[in-house]
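Working notes, structure below.
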Amino acid sequence: MSTLPCEDREGQETAPLRRRPTQRRSARRVERMLDACAELLDEIGYEALSTTRIADRAGVAIGSVYQFFPDKKAIAEALTRRNVEFFVTRVGRRFVSEDYLSWWAAIDAIIDEYVDMHRSVPGFRSLHFSDVVDLNLIDSTSDNNTVIAGRLRGLLLKEFGLADSEELDLAVLVAVEAGDAVLKLAFRRDPMGAPEIVDEAKKLVRGYLRQELGPSAS
C-alpha cells in the first residue's frame, strides 16, 4: 500500500469511501469517525475541519481514517449519506406507527422529522443534504434534493396509493426544494427553528402540492 498523506488533499476529485468495512469492528470504527465529524462540524465548521481532528476525536489513528476515506470531503459526504438514510428511516417508521387521514398530514410529519433532526442530530444543522460540499454527493447523476424527493415520493406512493406520474415527480421535487429553502430561513432566524416560519413552510408545501395535484390528491 502506498504511503497516504497526513493532510487533506482539497480540490481533488475523490471517491467518498476507499473501501467498505467488512468486519464489525471496522464498521464501528467508521461510525465513530462519522460521529466525530458530526460533532466537529457543529463546533468548528467545515472549513476548520481536518482529518487529524476527526481522528483525534474518534480515538483512532490517522492511518485508520485514510484506510477508509481519502480526505475530509469524503467523510462529510459519507455523513450526509448517513443523514439521508436516517431521515428516510425516521419518516418510514412514523408512517408505520401513525395513521394519517390525508397525505397533507403526512407532509407535516415529514417536515416535523426534518426540524427535529435539525435540532437534535449532531452535524445535521451544519451539513444539509444539498449545500456543503457537492450537489451530487448522494448520487452521481442527480443532485441531492432530487434523490431525497424520489425517496419521499416512494414513501407517499406506498402509503397513500397515489398514481405515479412525471407530474408527481416534478411536484414533489419542487416542494422539497421550496420547503428546504424556507426551513433554512427558519433556522437562520432562530437556532431551534422559528416556529412561525416552520408553519409557513408547511403551508407553502401543502398549498403548492394541492394546486399542482388537485383536490383529489387529498
Check: On average, how much accessible surface per residue is there in the range 41-86, in Å², for a 1.4 Å probe, leaving out ligands, DNA and RNA?
Finding: 37 Å²
Next item on the list: Rank these residues by their accessible area, most exposed first, probe 1.4 Å: Arg188, Arg53.
Entry: Arg188, Arg53
Next item on the list: Among the lysines, select those whose C-alpha is under 29 Å from the C-alpha of Lys202, and discard any that sit fewer than 8 residues away in the same chain.
Entry: Lys158, Lys184
Check: What nm distance separates the two modelled labels at Ala181 and Ser102, each placed 7 Å from Cα along Cα→Cβ?
Finding: 2.5 nm
Check: For Asp56, what is the net charge nearby, where nearby means another residue's Cβ is under 12 Å from its Cβ and Lys, Arg count +1, Asp, Glu -1?
Finding: +2
Note to self: Under a crude label model (7 Å from the Cα following the beta-carbon direction), how far is Arg94 from Glu47 in nanometres?
What the structure shows: 3.4 nm
Item checked: At R0 = 22 Å, FRET efficiency that the Cβ-Cβ distance of Ala194 and Val174 yields, to 0.05 -> 0.45
Margin query: Computing the accessible area with a 1.4 Å probe over protein heavy atoms, can you report the carbon and sulfur percentage for the range 153-203?
Written below: 56 percent
Note to self: Just to be sure I understand the model, the point goes 7 Å from the Cα along the line to the Cβ. What's the resulting Gln23 to Tyr208 distance in nm?
What the structure shows: 4.8 nm
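The values are calculated or read from the model by the stated rules, or taken from the named source; none is laboratory data. Because the structure is predicted, anything quoted here is derived from the model rather than measured. Cβ: placed from backbone, ideal geometry, glycine included. Neighbour counts: every protein chain shown. Each accessible area value is taken on the protein alone, full model and side chains, heavy atoms only, with ligands, DNA and RNA left out. Shrake-Rupley method; radii C 1.70, N 1.55, O 1.52, S 1.80 Å.
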